[in-house]
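Below: one structure, written as structure tokens.
The values are calculated or read from the model by the stated rules, or taken from the named source; none is laboratory data. Values in this document were obtained by computation on a predicted structure and should not be read as measured data. Note that we place each Cβ from the backbone using ideal geometry, even for glycine, and neighbour counts take in every protein chain shown. These accessible areas exclude ligands, DNA and RNA; they are computed on the full protein's heavy atoms, side chains included. Shrake-Rupley method; radii C 1.70, N 1.55, O 1.52, S 1.80 Å.
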Amino acid sequence: MKHFVWLLMLCFALGLVRHASAEGVAWPKITQTAKPWTRWWWHGSAVDRENITLCLEEYAAAGLGGVEITCIYGVKGTDGRQLSYLSPEWLDAVTFAVEEAKRLGMGVDLPSGSGWRMGGPDVMLAESDAVWESTKPRAAGRLLGEKVKRPAPGGEGYTINPFSRDSVEHYLNDWGKKTASLPNDLIRASFQDSFEYDGDWSDQLLSKFAQARGYRLEDHWQELAGEGDPETVARVKGDYRETLSDLVLEELIVPWVEWSHGRGQVARNQAHGSPGNWLDLYAESDIPETESFGRLEDDDADPLIQKFASSAAHVAGKNLVAAETGTWLDEHFHVTLAELKERIDQQMLAGVNHVIYHGTAYSPAEAVWPGWLFYASTQLNPQNPIWRDFPALNAYVARCQAMLQAGEPSNDLLVYWPIHDVWHDAKGLRKDFRVHNSKDWFFNQPIGEAAEYLDNMRISFDYISDRQLQKCEAVGDQIKTQGSSYQAILIPDAKYLPTATLIKLKELAKAGGRVLFWRELPASPPGLLNEEKKREFAAAIADMGDYALVNRDLWGLIKAGNINSDTDADGQVLKTIRRRMPDGWCYFLKNVWEHNCDIRFAAPFVWESAVLMNPMTGEIGEPALKDGFIRVQLAPKETVFVRTFDHEVSAEPWQYQEIDGKPLVVDGEWDVRFVADGPELPEAFQTSRLATWTQLAGEAGSKFAGTAAYTISLPRLRSGRYLLDLGRVADSARVFLSGKELGVLFAQPFQIPIEITEANNTLTVEVTNVAANRIRDLDRRGVEWRIFEDINFVGIDYKPFDATNWPVREAGLLGPVTLSKLKD
């Protein structure tokens, strides 16, 4: 069977990378923002200038574009080194870090607070978070006394009340005065982490409620407490929840964004976790940021949830879509570069183009291995052996993000979020929208059903909110938002639709925009109704069917709306996202199957010429074309960019991988020697049987984390191009042929084309594993390396960390290693 693969090499592989010869056919410039960034935890702010420089230089050399300085709890035994948060010494350290980052071409973001939640010693109890008190004979609030979570020394204290502009502005103004000496012009963004406040009340709530909802909440405290007719209870609570959402936006996010702009900075915000409408909260910030959480197979990182951030950016015209990347991707010290790439690919297909790793802890040079660590992190730090090949992943991400940050978003369909259907619930009080409970508010709702269907059918779409919809207009047969244009808008089986939204939809439909109602027209406006509200809704919906399309069959509705799916000519479905470029189109394709594919890709828009661009290697080439289709080969998990142009371009022909004959197994004696890391280097050995070094290198091999070099003399072969397949690798590999480095392989497929001459060729493969076995050894020997205050250290299950019963993890070159002749 033929095997079809893409090159897996670094762009500097001499003589093997063929770049386009036409002017303008090249990768976009790799900017500071195109490179991935990382969250940089300062434990106890126990930092010094020498180690700040050392860390930042290592980060820059690894290909990181910037850091987000987040100050948290301390490390045991470092009291004398800790800098009190917001003290002159702390300000001096941050200033030095920012200036060093600038020297290295890196950027810096800084949250307006330590730990989680804004707050600290200057927040008075009366200004802090509060909850509704149901035991009172009226609607009233009770102070929670909530504290900042995981604060840095000096940052302890009460949190702000996020539903109170007075509380928010008082805190921000005070924090701003204390940090006035910072070089704010060199700090790119103020950052706000996911919403983790527990309150649901403020002194402003009653007046804001009456103004927005048209009646007094005080007159319906029984319904708010869950007493009375369930339908009335649900309507009152729906109004209360909508008001909370408005407060998060108007009392917290808007003043914080304005304050950030006043400091000459942009605002980078994570909206998830809040009781607010994500789409409105994300759109208000300059850089909306989603979050991946958990293992690849977990629901907590579903791309359809991450699309909320990218949708808000696309609709509102924001170019950058960030993602907190790698949070609990696997148990500590198990995460591979391949898993990171897979997560990042998923995010980019969801519209993310600005990766923020989670993350990297500042660790001084003198810290004993494994150094200073964070309890919920993919440990992307120089102590982790995977750091050795980390630059290859970062080069891949930088190329992808440079392309995805170019041009403009291009999706076909808007999907309305019927958030009022979620709010209309007699149970509970505050409704949080978190990445961890997405089944409740998304996947078990019609919008989730519709989104999964559209995604499977490769209909490109963005979500839209009521507030965003009011800013739309119909231009010809397109629905135009602030940031993009769409062919239609879909309302997925909304039962409760605001009358203002209904009127806007009719206005768009009358003007030529396509409005699609899946299943049925809405039955009622949300909230507590009076006769006037009922009449207004009835008048708005009376002739809606004359202007909009209504169908219970979703695919029939899509076809009736003339929405086209992006499919290839062979009917094989790849995951893809596209961008509109100044001179054509860009398509990012990924093979999500477990087998090779060789397809004819049908770019849906008119084009004159095309190139293929491999983000793993930097290769650019002119593809084979037939009947207007572009031939694309992808191995499992591989990605490629297809660039089409509205003018003629030329490039070297793309080198497709055609196997000539059966593969040859590379056998014989492998010389294996350990070259880096520890705890100690095992003795070198020879083997004719490739297997995990935890068996072949004895006890020392079973606890080793680092790099081993495998060397063998290749058999005499006729000259030409061959495909080298390493088989199984645990966990990344650098390939050398006769002493020349050809590239780094860190994800499927572990294959690379090589040039064989008649002379003898020596193959060396340097394999690096993850740190799990070494950590296991530390715990089995009772070495105390968990030295952190507050939460100290926990496992992915949030129980005290214990690696003593971990099985020994495979490591090294596992093979089989084969060579296959490639056709010329």
Open item on the list: So residue 366 passes all but one of these: (1) touching a residue at least 12 places away in the same chain (Cβ under 8 Å); (2) surrounded by fewer than 23 Cβ atoms within 10 Å (Cβ to Cβ). Which condition number does it fail?
Closed with: (1)
- [ ] Report whether or not residue 462 is open to solvent by less than 10 Å² (accessible area, probe 1.4 Å), charged (D, E, K, R) and either touching a His at 6+ places or on another chain (Cβ under 6 Å) or at pLDDT 95 or above (or both).
- [x] yes
TODO: Quickly run through segment 271-319 and pick out the residues that are acidic (Asp, Glu) and either touching a Gly at 6+ places or on another chain (Cβ under 8 Å) or more than 22 Å from residue 196 (Cβ to Cβ) (or both).
DONE: 297, 300
Open item on the list: Please count how many residues of segment 29-77 are of a type in the set (A, V, I, L, M), crowded, with 24+ Cβ neighbours inside 10 Å and under 14 Å from residue 391 (Cα atoms).
Closed with: 1
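Residues are listed down the side, and each one gets a yes or a no for (1) in contact (Cβ under 8 Å) with a residue 12 or more places away in the chain; (2) open to solvent by 50 Å² or more (accessible area, probe 1.4 Å); (3) not β-branched (Val, Ile, Thr):
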| position | (1), (2), (3) |
| --- | --- |
| 170 | yes, yes, yes |
| 176 | yes, no, yes |
| 180 | no, yes, yes |
| 185 | yes, yes, yes |
| 199 | yes, no, yes |
| 208 | yes, yes, yes |
| 212 | yes, yes, yes |
| 216 | no, yes, yes |
| 224 | yes, no, yes |
TODO: Go through the residues of segment 423-440 one by one and say whether even a single one is open to solvent by less than 30 Å² (accessible area, probe 1.4 Å), in a loop (DSSP other than H, G, I, E, B), farther than 25 Å from residue 291 by Cβ and hydrophobic (A, V, I, L, M, F, W, C).
DONE: no
- [ ] Could you please give the count of residues in segment 571-613 that are open to solvent by 30 Å² or more (accessible area, probe 1.4 Å), within 27 Å of residue 747 (Cα to Cα) and in a strand (DSSP E or B)?
- [x] 4
TODO: Can you tell me which residue within segment 743-766, out of those that are over 18 Å from residue 393 (Cα atoms) and of a type in the set (D, E, K, R), is most open to solvent (accessible area, probe 1.4 Å)?
DONE: 758
Task: Single condition residue 154 does not satisfy, out of (1) small (Gly, Ala, Ser); (2) open to solvent by less than 20 Å² (accessible area, probe 1.4 Å); (3) in contact with a Ser or Thr (Cβ under 7 Å, 6 or more places away or on another chain) - done: (2)
Open item on the list: Suppose the filter is touching a Ser or Thr at 6+ places or on another chain (Cβ under 9 Å), among the hydroxyl-bearing types (Ser, Thr, Tyr), open to solvent by less than 10 Å² (accessible area, probe 1.4 Å) and touching a residue at least 12 places away in the same chain (Cβ under 8 Å); does residue 87 pass it?
Closed with: no
- [ ] From 450, 395, 365, 402, grab the single residue that is in contact with a helix residue (DSSP H, G or I) (Cβ under 7 Å, 6 or more places away or on another chain), over 30 Å from residue 221 (Cα atoms) and not in a loop (DSSP other than H, G, I, E, B).
- [x] 450
- [ ] Hey, can you tell me all the residues within segment 95-152 that are under 13 Å from residue 171 (Cβ atoms), among the acidic types (Asp, Glu) and in contact with an Asp or Glu (Cβ under 7 Å, 6 or more places away or on another chain)?
- [x] 122, 129
Open item on the list: Anything in segment 726-742 that is assigned to a strand (DSSP E or B), at negative phi and open to solvent by less than 40 Å² (accessible area, probe 1.4 Å)? List them, or say none.
Closed with: 729, 730, 732, 733, 735, 736, 737, 742
Task: Candidate set from segment 616-638 (those that are at positive phi and out of contact with any Asp or Glu (no Cβ under 9 Å at 6 or more places or on another chain)); member that is surrounded by the fewest Cβ atoms within 10 Å (Cβ to Cβ) - done: 627
Open item on the list: Please pick out the residue among 352, 335 that is within 25 Å of residue 385 (Cβ to Cβ), in a loop (DSSP other than H, G, I, E, B) and of a type in the set (Val, Ile, Thr).
Closed with: 335
Open item on the list: Can you confirm whether residue 772 is over 31 Å from the mean Cα position of the chain (by Cα) and among the aliphatic types (A, V, I, L, M)?
Closed with: no
Task: Odd one out for residue 536, checked against (1) open to solvent by 30 Å² or more (accessible area, probe 1.4 Å); (2) out of contact with any helix residue (DSSP H, G or I) (no Cβ under 8 Å at 6 or more places or on another chain); (3) farther than 21 Å from residue 446 by Cβ - done: (2)
- [ ] Give the number of residues within segment 296-320 that are surrounded by fewer than 18 Cβ atoms within 10 Å (Cβ to Cβ), in contact (Cβ under 8 Å) with a residue 40 or more places away in the chain and not in a helix (DSSP H, G or I).
- [x] 2
Task: Condition met for residue 560 (farther than 30 Å from residue 657 by Cα and either crowded, with 20+ Cβ neighbours inside 10 Å or of a type in the set (A, V, I, L, M) (or both)) - done: yes
Task: strands (runs of 3 or more DSSP E) completely within segment 614-680 that count 2 or more residues being more than 30 Å from residue 28 (Cα to Cα) and out of contact with any helix residue (DSSP H, G or I) (no Cβ under 9 Å at 6 or more places or on another chain) - done: 670-678
